[in-house]
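**Q** This is the structure, below, for whatever I ask next.
Since every read-out is calculated from the coordinates, none of them should be taken as a lab result. Model, not experiment: these values are computed from the prediction. Here the Cβ positions follow ideal geometry from the backbone for every residue, glycine too, while neighbour counts run over all protein chains shown.
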Amino acid sequence: MAAQFPTSPPSGTMVAYCFVPGITEPQRTMMPIPTPATNEVLIKVLAAGVCHTDVHVLEASVTQLLIPGSFIMGHEGAGIVVGHGEDVAADPAHAQRLAVGTRGFANVCFETPAIGLGVDGFWAEYVKVRASTVVPVPGNNPNDPRLTPAQVKPGQTVVIVGCGGLGINAIQIAKHVLHTGTVIAVDLRADSLALAREVGADHAVMPDELTGLPSTPPPASFA
């Protein structure tokens, strides 16, 4: 039998951690549990990350306000769908999904403000997101590193552009969890490229050095 949404989604109040202009620390606040719009789902948050972008936003709150207004922080998260809007009710498959902020291709999404960066995000007990952004997680485990919208397969070549925190993690997941073939890391910083090699990248190069690499199969994905 297909999974169904809860008949009575949660209501009441929740704990949230908010950005407030002029304050360099997230503020603990009691807020109403959000009600999803017609094309949204309500997520019970199980895990939320802290990105260096969050630190930048907080540190700049006093000297250079990057995002106006107050909002719940957190643009990296996962959880369980516990409610839905009217247009989502016909798709019970969503009830079996766990949610992360965006369903792949976030790097080419120009919609602003973004969740957790102007729109209420994952640093709360519940968050509402568009139903189109939920992603199924293998084994219903939001911490499963095999979650990969790019559908990378063992033995394939992967190019990872940008070797910051996420890129370095992506290299390790690609090489040691997904068992890809060749992992190519690309960055402009020599220290980041050195770290990329240390954690498993087969090649770590500047962008203009890509054409000089040995011939490899076509990349499975760009990350």
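**Q** Can you list the residues, at least 5 places off or on another chain, whose amide H is less than 5 Å from the amide H of LEU46, using H built in the peptide plane?
**A** ALA78, GLY79, ILE80
**Q** I'm checking a number: the convex hull volume of the Cα atoms of the stretch 157-222, normalised per residue, in Å³. What is it?
**A** Working: hull volume 4.7 nm³, N = 66.
Measuring per residue, one finds 71 Å³ for the Cα hull of the stretch 157-222.
**Q** Could you pull out every residue, at least 5 positions away or on a different chain, whose amide H is within less than 5 Å of the one on ALA204? Hs are placed 1.01 Å off N in the peptide plane, and Pro or chain starts have none.
**A** Distant-sequence amide H within range of ALA204: ALA185.
**Q** Also: Given charges of +1 on the Cβ of Lys and Arg and -1 on the Cβ of Asp and Glu, with all other atoms neutral, how large is the dipole of the stretch 157-222 about its Cα centre, in debye to the nearest 20?
**A** Numbers: 3 positive and 6 negative charges, 35 e Å.
Dipole about the Cα centre, nearest 20: 160 debye.
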